[in-house]
Amino acid sequence: MIKKHYLSVSLVLGVISVLYGCGGGGSSTDVGSNNTSEKSSTGPITSFGSIYVNGKRYDTSNSEVYVEDESSNESELRVGMMVDVVEDDNGNAVRVSYDDDLEGIVAANNIAAGSSAGTLEVMGQIVTVENKTVFETDIAAISSVDLIVAGNIVEVSGYTTSDSTITATRIEVKAVDLATYLSNYSKGIEVKGIVTQHSASANTFKLGLLVVNYAGAILDDLANGVQDNLYVEVKSVQGMNASDQLVASKVELEDNGRRDYSGDDGDEYEVKGYVTALAADSITVNEETFIISNATEFEDGSKGKIKIGDMVEVEGSVNSDGKLVASEIELEDSDDSNEIKGAVASIVINIDNNGTITLSDNTVIKVTNNTLMHDERDEGITPDKTFNLADIASGDYIEVYAIDNGDGTFTATKIEREDTPKP
């Protein structure tokens with residue numbers, strides 16, 4: 001199976017396939033014209049109206065919505081959340097599901113003062129924060145990611161680049177400490193990962209760098225008990241003990257115990273993410289390995305340009321041996337280090353939320369369906385959940401992270417509208 005929050009993915013699943021991934025909706029839905037397949041796309045929400053995921057607009061008028069495996073509604077979704085969208089033959093969403101990667105206690109903040117990029121350590125997981133990571137907070141005093149401190153509770157959604165590393169697409173500060181958090185969220189904190197170093201005698205195991213003590217915990221869907229290499233979710237209402245172990249209240253098998261994709265012969269699968277391994281005949285993107293064959297096409301004509309750490313988009317399908325075979329690989333330009341701030345002078349909106357923004361200094365910003373659109377203005381003006389290019393007006397002040405196109409224009413990877421100019 002695939003972990004929703006880890007990859008930007010499109011796939012076609014068999015009729016009996018389980019929707020696993022980012023949304024954890026659970027049951028499968030037959031939406032194909034012959035009721036034999038299900039097409040799904042997993043990635044961060046970039047804007048609304050209805051929702052945009054992986055560069056595509058999905059009409060959600062008749063869609064079911066699940067948040068943390070529970071029936072919900074679209075108003076609970078936010079920009080940057082990694083969601084799984086199941087679509088019908090017309091490309092409309094029939095189900096949208098969201099499940100975070102991590103909701104837990106911050107151990108350390110390695111982000112420099114005034115910076116929006118760096119790393120956090122959260123319950124044994126290293127969370128990489130990028131310029132395009134969406135940040136939100138329920139705590140007024142923690143107004144930026146560099147102000148997060150040890151003991152704060154954060155929710156993280158994003159891609160995985162190793163067993164204990166998450167590249168965040170969204171971080172939200174939920175509470176100043178565990179006691180405050182539990183007074184509002186009785187379900188407790190949670191973390192997911194692959195079990196290693198399991199000790200039945202000590203009732204402990206590791207998830208990444210985190211040691212979990214499960215003595216007295218409820219075991220859910222674990223008929224044979226906890227075992228190494230199983231993919232699980234751990235919940236806790238006690239937090240860390242004196243031995244720096246997470247005291248589990250519940251350990252639950254996730255996605256049938258597998259984090260990687262498992263599909264039927266012919267299932268189509270598309271992933272956009274970070275290259276974590278590369279060989280002559282294979283490529284691994286966010287822990288999903290694709291076979292590279294003689295028929296694999298490279299968008300720029302060369303495999304040699306791709307290296308570990310690059311952002312790529314891979315299209316492929318499952319063969320008769322259950323292996324993923326890449327049909328096309330495209331290298332994505334991810335150099336969005338250009339930070340641009342200014343007042344909006346004019347806007348041109350093209351079809352499907354694409355367009356251009358010209359700032360007062362004549363800088364031209366191109367906006368695509370992959371541009372993260374985040375509203376930081378006071379609630380009540382334009383709620384974040386419906387924010388898109390059409391909501392930006394002349395005179396608005398925006399902060400942009402963008403790719404330099406080399407022709408005097410920039411393509412935005414993230415746009416935030418602000419109340420007032422930041423220093």
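Filter the strands (runs of 3 or more DSSP E) completely within segment 18-82 down to those with at least 3 residues that are at pLDDT below 90. Steps first, answer last, please.
Details: elements: 37-48, 51-53, 56-58, 64-67, 70-72.
Because the criterion is at least 3 residues that are at pLDDT below 90, the strands (runs of 3 or more DSSP E) in segment 18-82 that meet it are 37-48.
Would you point out which residue out of S346, S327, S394 is modelled with pLDDT of 90 or more, loosely packed, with under 15 Cβ neighbours inside 10 Å, assigned to a strand (DSSP E or B) and not acidic (D, E)? Before the answer, list the steps.
On the way: S327 fails: loosely packed, with under 15 Cβ neighbours inside 10 Å; S394 fails: assigned to a strand (DSSP E or B).
Going through S346, S327, S394 in turn, the sole match is S346.
Could you tell me whether T371 is surrounded by 15 or more Cβ atoms within 10 Å (Cβ to Cβ) and within 24 Å of the chain's Cα centre (by Cα)?
Numbers: surrounded by 15 or more Cβ atoms within 10 Å (Cβ to Cβ): yes; within 24 Å of the chain's Cα centre (by Cα): yes.
The answer is yes for T371.
Given K422, K385, which one is in contact with a Ser or Thr (Cβ under 8 Å, 6 or more places away or on another chain) and at pLDDT below 80? Step through it out loud before you land on a result.
Numbers: K422 fails: in contact with a Ser or Thr (Cβ under 8 Å, 6 or more places away or on another chain).
None of the others qualify; the one that does is K385.
Residues are listed down the side, and each one gets a yes or a no for (1) closer than 17 Å to I51 by Cβ; (2) assigned to a loop (DSSP other than H, G, I, E, B); (3) in contact (Cβ under 8 Å) with a residue 12 or more places away in the chain:
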| position | (1), (2), (3) |
| --- | --- |
| V86 | yes, no, yes |
| E103 | no, no, yes |
| A112 | no, yes, yes |
| S115 | no, yes, yes |
| S143 | no, yes, no |
| D146 | no, no, yes |
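Take the conditions over 30 Å from N203 (Cβ atoms) and touching a residue at least 12 places away in the same chain (Cβ under 8 Å) and apply them to L246. Does it pass? Lay out the reasoning, then the answer.
Working: over 30 Å from N203 (Cβ atoms): no; touching a residue at least 12 places away in the same chain (Cβ under 8 Å): yes.
So L246 fails the test.
Filter segment 215-237 down to the residues that are within 21 Å of G104 (Cα to Cα), in a loop (DSSP other than H, G, I, E, B) and in contact with a Ser or Thr (Cβ under 7 Å, 6 or more places away or on another chain) and list them by number.
A217, V237 - these are the residues of segment 215-237 that are within 21 Å of G104 (Cα to Cα), in a loop (DSSP other than H, G, I, E, B) and in contact with a Ser or Thr (Cβ under 7 Å, 6 or more places away or on another chain).
For (1) surrounded by fewer than 20 Cβ atoms within 10 Å (Cβ to Cβ); (2) among the aliphatic types (A, V, I, L, M), each residue gets a yes or a no:
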site	(1), (2)
L209	yes, yes
Y214	no, no
L219	yes, yes
A223	yes, yes
Q227	yes, no
L246	no, yes
L278	yes, yes
N286	no, no
F290	no, no
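Of the residues that sit in segment 181-194 and are surrounded by fewer than 19 Cβ atoms within 10 Å (Cβ to Cβ) and under 23 Å from the mean Cα position of the chain (by Cα), which one is modelled with the lowest pLDDT?
Of all residues in segment 181-194, those surrounded by fewer than 19 Cβ atoms within 10 Å (Cβ to Cβ) come to 182-187.
Restricting the remaining residues to those that are under 23 Å from the mean Cα position of the chain (by Cα) gives 185, 187.
Numbers: Y185: 87, K187: 84.
Looking at residues that are surrounded by fewer than 19 Cβ atoms within 10 Å (Cβ to Cβ) and under 23 Å from the mean Cα position of the chain (by Cα), I get K187.
Which of the residues spanning segment 283-324 are in a loop (DSSP other than H, G, I, E, B) and under 28 Å from D101 (Cβ atoms)?
The first filter runs over segment 283-324 and keeps only residues in a loop (DSSP other than H, G, I, E, B), leaving 286-287, 299-302, 306-310, 319-323.
Listed by number, the residues that qualify are N286, E287, I306, K307, I308, G309, D310, G322, K323.
Report yes if L178 is within 30 Å of A140 (Cβ to Cβ), in contact with a strand residue (DSSP E or B) (Cβ under 9 Å, 6 or more places away or on another chain), surrounded by 13 or more Cβ atoms within 10 Å (Cβ to Cβ) and in the same structural domain as S243 (by TED's automatic domain parsing), otherwise no. Explain how you work it out, then say what you get.
On the way: within 30 Å of A140 (Cβ to Cβ): yes; in contact with a strand residue (DSSP E or B) (Cβ under 9 Å, 6 or more places away or on another chain): yes; surrounded by 13 or more Cβ atoms within 10 Å (Cβ to Cβ): yes; in the same structural domain as S243 (by TED's automatic domain parsing): no.
Here the answer is no, as L178 does not meet what is asked.
Against the conditions (1) in contact (Cβ under 8 Å) with a residue 24 or more places away in the chain; (2) under 27 Å from the mean Cα position of the chain (by Cα); (3) under 20 Å from T165 (Cβ atoms), where does Q197 fall short? Just the number, please.
(2)
I'd like to know if segment 294-310 contains one or more residues that are outside the structural domain of T386 (by TED's automatic domain parsing), under 24 Å from I51 (Cβ atoms) and under 21 Å from the mean Cα position of the chain (by Cα). Please lay out each step first, then the result.
Filtering segment 294-310 for residues outside the structural domain of T386 (by TED's automatic domain parsing) gives 294-310.
Next, only the ones that are under 24 Å from I51 (Cβ atoms) stay: none.
Among the residues of segment 294-310, not one is outside the structural domain of T386 (by TED's automatic domain parsing), under 24 Å from I51 (Cβ atoms) and under 21 Å from the mean Cα position of the chain (by Cα), which makes the answer no.
More than 27 Å from S50 (Cβ to Cβ), surrounded by fewer than 17 Cβ atoms within 10 Å (Cβ to Cβ) and of a type outside the set (D, E, K, R), is that true of N354?
Details: more than 27 Å from S50 (Cβ to Cβ): no; surrounded by fewer than 17 Cβ atoms within 10 Å (Cβ to Cβ): yes; of a type outside the set (D, E, K, R): yes.
No, not satisfied.
Can you give me the number of residues within segment 170-190 that are closer than 15 Å to K235 by Cα, assigned to a strand (DSSP E or B) and touching a Phe, Trp or Tyr at 6+ places or on another chain (Cβ under 9 Å)?
1
The values are calculated or read from the model by the stated rules, or taken from the named source; none is laboratory data. The model shown is predicted, which means the values in this text are computed figures rather than measured ones. Positions of Cβ are backbone-derived with ideal geometry, glycine not excepted, and every protein chain shown enters the neighbour counts.
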